[in-house]
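Each reported figure results from applying straightforward, stated rules to the coordinates on display, with no laboratory input. Since we're looking at a predicted model, the values are computed, not measured. With ideal geometry, Cβ positions are generated from the backbone for all residues, glycine too; neighbour counts draw on all protein chains shown.
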Amino acid sequence: MVVLVAVAACSSGVGAEPDPSAAAPTASSRSAGGTSAAPPMTSPTPGTAQTVSSSPSPHQVELPRGGREVFPRYRLVGYAGLTGASTLGRLGTGPLDQRVAELEKRAPAYRAGRDILPVLEVIATIVQGSPGRDGTYRVRINDYQIKIYLRAARRHRALLLLNIQPGRSEFLPEVKAYRKWLTEPDVGIALDPEWAMDPGQVPGRAYGHSTGTELDGVAAYLSDLVQAHHLPEKVLVYHQVARSVVRRESGLRPHPGVAVVKSVDGLGPPGPKVTTYRVVNRTTPKFVHAGFKLFFTEDRRNHGRLMSPREVLALHPRPEYVMYE
């Protein structure tokens, strides 16, 4: 993919509600506009990815590090991004296996009485600044690319989450496009509602949004897959940068076999990030688990700094998924 312009995650002020009618800023690691071609992947380490089967062995009917339920046994710690696209997150900076090894070194600081389950949150459906042939303002990575990530996740006994930035498409059709991967026991979904555009909206010029009912449709679909294929729990993450990005959240209901996480994605130094976390979590359904995102670049701008694991674990509610972008 030729990256033409990076699109911002939020407007000025981390704790502020974005104005849907306002033009969004045009510089951030959250997403990118570009052509409708899928982005290139760097080659996997010779002699590794090609020799690891993408099909699970029989014991992988459990989660990668054992068991069939995610919580309360595990705390998830992840890196987000896309290999070869450094503006889209930490996974895009350098060789994939090096990034996953780095994640494994960073994650133990978040144990706090739990086992760690690493996560690779790969941006699989990528919002675009141009409509493309189908007018959806999004492009998907291909099966070959997903297979590389799944093999890397399995080498490190990690979960793979496919992140969806739907543009003018919708979440459920995008999720269904990855059905063959979602029947695997170690693949889940992450949704980015701020990139869900209404008709006539263009990514980067307006903030998107979703509803609890739309998220519930995805959760129900995953639950059906879990039951039909006798899979361990699926992780479903939805990212939220401000309260207005997910509307009528009460429409989201619990579903068997699906562990739902809300990741609060406030940008900036610790003070505003914590404020955003508290504000956005006021509407979180009781069955939804807490998540928190840290940005290597954006959080350090304007004399800011990255919050420490101790600070993150001191948040209320305590995050059960900590993700770095």
Loop-located trypsin sites (Lys or Arg not before Pro) in the range 78-171, at most 12 other Cβ atoms within 10 Å (DSSP):
Arg133
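Can you give the extra length, in nm with one decimal, that the chain gains between Ser308 and Arg253 once fully stretched, where that is 0.36 nm per residue apart less the Cα-Cα distance?
16.5 nm
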With Cβ to Cβ distances under 9 Å as the rule, what net charge do the other residues near Tyr79 carry (K, R +1; D, E -1)?
0
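Using 0.36 nm per residue of separation minus the Cα-Cα distance, give me the extension gain between Arg278 and Ser130 in nm, one decimal.
49.8 nm
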If the chain between Lys176 and Gln98 were fully extended at 0.36 nm per residue, the gain over the current Cα-Cα distance would be 25.0 nm
When the convex hull of its Cα atoms is projected in every direction, mean area for the range 79-324 (nm²):
12.8
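Let's test the formula: R0 of 30 Å, r as the Cβ-Cβ distance of Ala228 and Phe71. What FRET efficiency results, to the nearest 0.05?
Efficiency, from the Cβ-Cβ distance: 0.85.
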